[in-house]
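Asks: Just passing along the structure, written as structure tokens.
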Number of protein chains: 2
Amino acid sequence: MRSNNLISNITVNRLPLYYRMLDRLRMECVDGVSAESFGQLVGFKAGQIRKDLATFGDFGRQGFGYVVRELQANIGNILGFHRGWNIAIIGMGHLGGALASYRNFADLGFRLAAVFDADPGKIGQSPGNLLINSMDDLERVVQERDIHIGVITVPGHNAQAVADRLLAAGVKGIWNFAPAVLNVPSDVKLVNEDLSVGLCSLSYYLSH
Amino acid sequence: MRSNNLISNITVNRLPLYYRMLDRLRMECVDGVSAESFGQLVGFKAGQIRKDLATFGDFGRQGFGYVVRELQANIGNILGFHRGWNIAIIGMGHLGGALASYRNFADLGFRLAAVFDADPGKIGQSPGNLLINSMDDLERVVQERDIHIGVITVPGHNAQAVADRLLAAGVKGIWNFAPAVLNVPSDVKLVNEDLSVGLCSLSYYLSH
DNA sequence: TAGATTGTTAATCGATTAACAATC
DNA sequence: TAGATTGTTAATCGATTAACAATC
């Protein structure tokens with residue numbers, strides 16, 4: 001792994017796709033792959049694959065390509081999957097519930113360690129194997145269970161308040177599904193997952 | 001509205017955010033807004049706001065700014081919200097169910113017109129007010145209900161087959177939530193919504 | 001008019017692509 | 001060695017920003 005600094009978001013965001021495709025190749029018992037053929041699989045030019053990977057280290061072998069198993073492990077390490085991040089979901093509506101049951105995340109090493117809802121009727125219920133906590137206990141539970149990442153799936157008008165409480169309780173990363181522009185300090189990583197964008201984009205291109 | 005061609009994805013993708021912020025301003029009874037103050041609200045530079053909007057028309061008034069109501073209507077038209085797109089969700093798992101109940105989409109003019117699942121046990125059930133259709137009836141129902149956009153929320157290994165069937169039945173846009181790289185003809189608009197990317201991105205930045 | 005803010009141009013910045021020497 | 005493919009450089013392409021004349 002080379003440097004920590006100045007690697008663009010857009011580059012980092014391609015790595016999960018690479019990781020997943022390598023997983024598939026591994027399951028298909030493919031040992032090695034060239035930038036050329038890998039690029040065709042994921043839909044990018046070979047040069048971009050090489051450039052992306054070279055940003056993080058010398059993972060390839062001239063004349064051969066990349067060893068699937070090795071490259072996958074390296075990308076996993078770059079992405080920090082071995083860190084075992086604890087995540088909490090705030091807002092157990094339909095979307096929160098769906099994310100809570102999403103198996104892919106567990107496969108990548110994320111541990112769903114707590115879920116919360118404001119509705120007194122839901123507290124104590126258990127979708128999956130976690131009890132829904134009261135919002136009143138947010139700070140305490142977040143600290144006790146050492147939550148690193150907060151997933152916000154509450155209505156837009158509550159999102160900033162939830163974010164503020166999460167950050168005050170020590171959370172360092174926020175994955176925001178609420179339709180709201182959140183303000184967070186610069187040392188906090190905020191990822192906005194705006195589901196309407198994709199659908200609007202489809203509407204636009206179908207219209208033109 | 002100016003030209004149809006050559007407007008970048010990245011520009012179009014900012015419009016939904018603008019639209020939503022204008023909706024908020026409208027509800028707060030704000031009549032006009034300058035690029036400067038609007039930019040602060042959505043988190044972009046004023047020049048970018050002006051450039052984005054000028055791509056589609058002359059919506060502003062010198063010395064004043066933009067009329068909130070007017071600009072929102074214009075952006076809505078650009079994005080094609082008035083078209084009344086019919087959408088179908090294929091795969092009524094947790095995620096499909098969450099999307100089916102997402103009110104935001106209906107607010108933007110999208111109509112959920114059909115849902116499908118492969119599990120015989122689910123067929124005939126009704127989450128919301130739609131009966132779950134059998135996958136066997138996909139082509140027939142898609143054609144009968146004039147589905148424009150297919151939302152794929154099936155397991156990755158089924159996604160390509162579902163996409164192929166949707167396209168053969170006349171669908172022109174695909175919103176893909178399955179972790180799979182789909183191949184579609186160039187006249188079809190494909191939007192990939194890869195939920196793991198956001199979480200992986202958080203993991204990366206928390207690690208470095 | 002004077003003040004404010006647009007639409008647009010030119011300059012800057014960053015990302016992708018093509019090409020190739022290095023090397024397994 | 002000969003063939004293949006990497007890592008990297010330089011060229012191209014595209015997006016953002018700064019600046020300002022036009023104008024309400």
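Values in this text are rule-based calculations from the coordinates and carry no lab data. Predicted, not measured: the structure shown is a model, and the values here were computed from it. All Cβ positions, even for glycine, are placed from backbone atoms using ideal geometry, and neighbour counts span all protein chains on display.
Asks: Shortest first and in nm with one decimal, please list how far the A:Arg14 label point sits from its counterparts in the other copies (point 7 Å along Cα→Cβ).
Replies: 2.3
Asks: A further question on this structure: Can you tell me the Rg and the Dmax, both Å, for the Cα atoms in segment B:1-125?
Replies: Cα-based Rg and Dmax for segment B:1-125 come out at 18.1, 62 Å.
Asks: Let me ask something additional. Treating the point 7 Å from Cα along Cα-beta-carbon as the label, what are the nm separations from B:Ser134 to the other copies, to one decimal?
Replies: 4.9
Asks: Chain A: which residue's Cβ hugs the A-to-B rotation axis most tightly, distance rounded to whole Å?
Replies: Result for the axis mapping A onto B: A:Ala98, 2.
Asks: Over the alpha carbons of the protein assembly as shown, what is the largest minus smallest coordinate on each principal axis, giving the biggest first in Å?
Replies: Computed over the Cα atoms, the extents are 59, 52, 47 Å.
Asks: Take chain A, connect every pair of alpha-carbon atoms lying under 10 Å apart with a spring to form a Gaussian network, then pick out the residue of A:Val151, A:Val171, A:Val181 with the largest mean-square fluctuation.
Replies: Comparing A:Val151, A:Val171, A:Val181 in a Gaussian network model of chain A, the most mobile one is A:Val181.
Asks: Which whole-number percentage describes the relative contact order of chain B, with Cα contacts under 8 Å and a sequence gap of 6 or more?
Replies: 14
Asks: Now, a different point. What number, rounded to the nearest 500 deg cm²/dmol, is the helix-based mean residue ellipticity at 222 nm of the protein assembly as shown, given -39500 (n - 2.57) per DSSP H run of at least four residues and division by all its residues?
Replies: -12500 deg cm²/dmol
Asks: Now for a different question. Among B:His82, B:Ala161, B:Val142, whose Cα projects farthest towards the positive end of the dipole of segment B:79-208, with charges put on the beta-carbon of Lys, Arg (+1) and Asp, Glu (-1)?
Replies: B:His82
Asks: Another question, then. Take the alpha-carbon centre of segment B:160-179, take the same for segment A:58-95, and report the distance between them in whole Å.
Replies: Each part reduced to its Cα centre gives a spacing of 28 Å.
Asks: A further question on this structure: With everything on Cα atoms, drop me the angle between helix A:15-27 and the longest principal axis of chain A, reported from 0 to 90° to the nearest 10.
Replies: With both axes taken from Cα atoms, the answer is about 70 degrees.
Asks: Would you count, across the protein assembly as shown, every pair of lysines whose alpha carbons are under 29 angstrom apart, provided the pair is eight or more residues apart or spans two chains?
Replies: Count of close lysine pairs: 13.
Asks: Nothing charged except the Cβ atoms of Lys and Arg (+1) and of Asp and Glu (-1): what's the magnitude of the dipole of the protein assembly as shown about its Cα centre? Round to the nearest 20 debye.
Replies: For the protein assembly as shown, the charge dipole is close to 780 debye.
Asks: Here is a follow-up. Suppose every K and R has +1 on its Cβ and every D and E has -1 on its Cβ; what is the size of the dipole of chain B about the Cα centre, in Debye to the nearest 20?
Replies: Magnitude of the dipole: close to 600 debye.
Asks: For A:Gln125 and B:Lys45, FRET efficiency with R0 = 41 Å and r from the beta-carbon atoms, rounded to 0.05?
Replies: About 0.35, to the nearest 0.05.
Asks: Sticking with this structure for a sec: I want to make sure I understand the PRE zone here: with the label point 7 angstrom from the Cα of B:Glu36 toward its beta carbon, which residues in segment B:55-74 have backbone N atoms less than 18 Å away?
Replies: B:60-68
Asks: Moving on. What's the average, rounded to a whole number, of partner chain beta-carbon atoms within 10 Å of each residue's beta-carbon in B:185-197?
Replies: Mean partner shielding for this stretch: 5.
Asks: Can I ask one more? Please name whichever of A:His94, A:Asn133, A:Phe59 sits farthest to the positive end of the charge dipole of chain A, dipole taken about the Cα centre and charges placed at Cβ: Lys and Arg +1, Asp and Glu -1.
Replies: Highest projection toward the positive end goes to A:Phe59.
Asks: Say each of B:Met27 and B:Glu144 gets a label point 7 Å from the Cα, pointing the same way as Cα to Cβ; how far apart are those two points in nm?
Replies: Between B:Met27 and B:Glu144, the simple spin-label model gives 3.7 nm.
Asks: Using a 10 Å cut-off around each Cβ, can you sort A:Glu139, B:Glu193 from fewest to most neighbouring Cβ atoms?
Replies: Listing A:Glu139, B:Glu193 from fewest to most nearby Cβ atoms yields A:Glu139, B:Glu193.
Asks: Taking Cα pairs under 8 Å and at least six residues apart, what relative contact order does segment B:122-208 come out at, in percent?
Replies: 22 percent.
Asks: How far is helix B:195-207 tilted, in degrees, relative to the longest principal axis of the Cα atoms in chain B, given as a value from 0 to 90 rounded to the nearest 10?
Replies: With rounding to tens, the tilt is 60 degrees.
Asks: Okay, moving on. Tell me the distances, shortest first, between B:Arg111 and the same position across the other copies, using label points 7 Å along Cα→Cβ, in nm to one decimal.
Replies: Ordered by increasing distance: 4.9 nm.
Asks: On C-alpha positions alone, give me the angle between the axis of helix B:156-168 and the longest principal axis of chain B, in degrees, nearest 10.
Replies: Approximately 80 degrees, to the nearest ten.
Asks: Segment B:103-208: D in µm²/s via Stokes-Einstein (Kirkwood Rh, Cα pairs, 10 °C, 1.306 mPa s)?
Replies: It comes out at roughly 104 µm²/s.
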